[in-house]
1. Can you name the residue in the stretch 67-81 that is surrounded by fewer than 13 Cβ atoms within 10 Å (Cβ to Cβ) and over 21 Å from the mean Cα position of the chain (by Cα) and, of all such residues, is modelled with the highest pLDDT?
2. Quick one: Phe55 ticks every box in (1) in contact (Cβ under 8 Å) with a residue 60 or more places away in the chain; (2) farther than 28 Å from Arg155 by Cβ; (3) of a type outside the set (D, E, K, R); (4) in contact with a Ser or Thr (Cβ under 7 Å, 6 or more places away or on another chain) except a single one, so which number is it?
3. Identify the residue in the stretch 88-127 that is part of a loop (DSSP other than H, G, I, E, B) and touching a helix residue (DSSP H, G or I) at 6+ places or on another chain (Cβ under 9 Å) and, among all such residues, is farthest from Ser35 (Cα to Cα).
4. Collect the residues in the stretch 144-177 that are over 12 Å from Trp104 (Cα atoms) and aromatic (Phe, Trp, Tyr), keeping them in residue-number order.
5. So which residues in the stretch 161-181 are more than 16 Å from the chain's Cα centre (by Cα) and free of Cβ contacts under 8 Å to residues at least 60 places away in the same chain?
6. Could you list, in sequence order, all residues of the stretch 142-173 that are part of a loop (DSSP other than H, G, I, E, B) and surrounded by 13 or more Cβ atoms within 10 Å (Cβ to Cβ)?
7. Failed condition for Ile184, given (1) under 21 Å from the mean Cα position of the chain (by Cα); (2) surrounded by fewer than 18 Cβ atoms within 10 Å (Cβ to Cβ); (3) of a type in the set (A, V, I, L, M); (4) within 30 Å of Gly95 (Cβ to Cβ), with all others met?
Amino acid sequence: MSRRGLLIILSSPSGAGKSTLAKRLMTWDPEIRFSVSATTRAPRPGEQEGREYYFRSRHEFEAMIAAGEMLEHAEVFGNFYGSPKGPVVAAMDEGRDTLFDIDWQGGQQVRNSTLGQDVVSIFVLPPSINELESRLRGRAQDSDEVIAGRMRKSRDEISHWAEYDYVLVNDDLEATAEALQGIIAAERLRRARQPGLNEFVRGLNREFEARGTV
């Protein structure tokens with residue numbers, strides 16, 4: 001019995017473990033497709049078209065927005081970023097799930113799109129604010145100023161937790177990864193996502209009739 005693919009939205013404040021959980025989920029099921037964003041910024045050394053991003057001119061990006069070809073988009077520091085609809089629909093029709101690593105604003109746009117009925121949204125919370133800051137500092141990638149900015153932004157991001165279908169507190173990475181896998185496994189089995197069930201049950205009833213069972 002075939003099914004339509006899911007749109008899996010994974011959001012969290014920076015440092016809560018979203019990227020690590022996304023990698024764990026795709027290792028668990030390599031058939032899950034990661035949504036590649038489009039952007040108007042120039043490619044950086046080593047980046048390839050269709051791998052890191054779909055690189056588009058501003059005119060091309062705006063034309064995609066006008067044509068309804070973007071599931072979500074935003075302008076960040078003078079450049080557009082967004083999720084093209086075409087590759088996602090193609091994956092859904094093949095029964096493949098697509099994973100979106102996006103913030104609450106992008107998630108809101110995807111949920112409100114024509115594909116909203118196929119969305120499963122998960123928000124990841126840190127076990128504490130102190131632990132969140134500790135994880136950000138543990139990366140040793142950002143200055144104190146950048147970390148302070150991320151912490152200020154985290155409060156706003158966390159305020160949107162109730163908009164999501166599921167909320168996970170990432171206090172133990174292994175347990176949280178297992179819980180995430182369990183959510184996806186259960187969502188795949190929802191009756192509405194198994195279009196072949198009606199015909200399957202009709203086949204069972206035909207078997208009853210062939211046996212003369214009332």
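1. Ranking the candidates gives Ala67 first.
2. (1)
3. Pro126
4. Tyr166
5. Selection gives Ala162, Val169, Asp171, Asp172, Glu174, Ala175, Glu178.
6. Answer for the stretch 142-173, where residues must be part of a loop (DSSP other than H, G, I, E, B) and surrounded by 13 or more Cβ atoms within 10 Å (Cβ to Cβ): Asp142, His160, Tyr164, Asp165, Asn170, Asp171.
7. Among (1) under 21 Å from the mean Cα position of the chain (by Cα); (2) surrounded by fewer than 18 Cβ atoms within 10 Å (Cβ to Cβ); (3) of a type in the set (A, V, I, L, M); (4) within 30 Å of Gly95 (Cβ to Cβ), the lone unmet condition for Ile184 is (2).
Residues checked against (1) buried (at least 20 other Cβ atoms within 10 Å of the Cβ); (2) under 15 Å from the mean Cα position of the chain (by Cα); (3) of a type in the set (A, V, I, L, M); (4) farther than 19 Å from Phe123 by Cα:
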{"site": "Ile8", "(1), (2), (3), (4)": "yes, yes, yes, no"}
{"site": "Ser12", "(1), (2), (3), (4)": "yes, yes, no, no"}
{"site": "Thr20", "(1), (2), (3), (4)": "no, yes, no, no"}
{"site": "Ile32", "(1), (2), (3), (4)": "no, yes, yes, no"}
{"site": "Val36", "(1), (2), (3), (4)": "no, yes, yes, yes"}
{"site": "Pro43", "(1), (2), (3), (4)": "no, no, no, yes"}
{"site": "Gly46", "(1), (2), (3), (4)": "no, no, no, yes"}
{"site": "Gly50", "(1), (2), (3), (4)": "no, no, no, yes"}
{"site": "Phe55", "(1), (2), (3), (4)": "no, no, no, yes"}
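The values are calculated or read from the model by the stated rules, or taken from the named source; none is laboratory data. The structure presented is a predicted model; accordingly, all values stated were derived computationally and were not measured. Cβ atoms come from the backbone with ideal geometry, glycine included; neighbour counts cover every protein chain shown.
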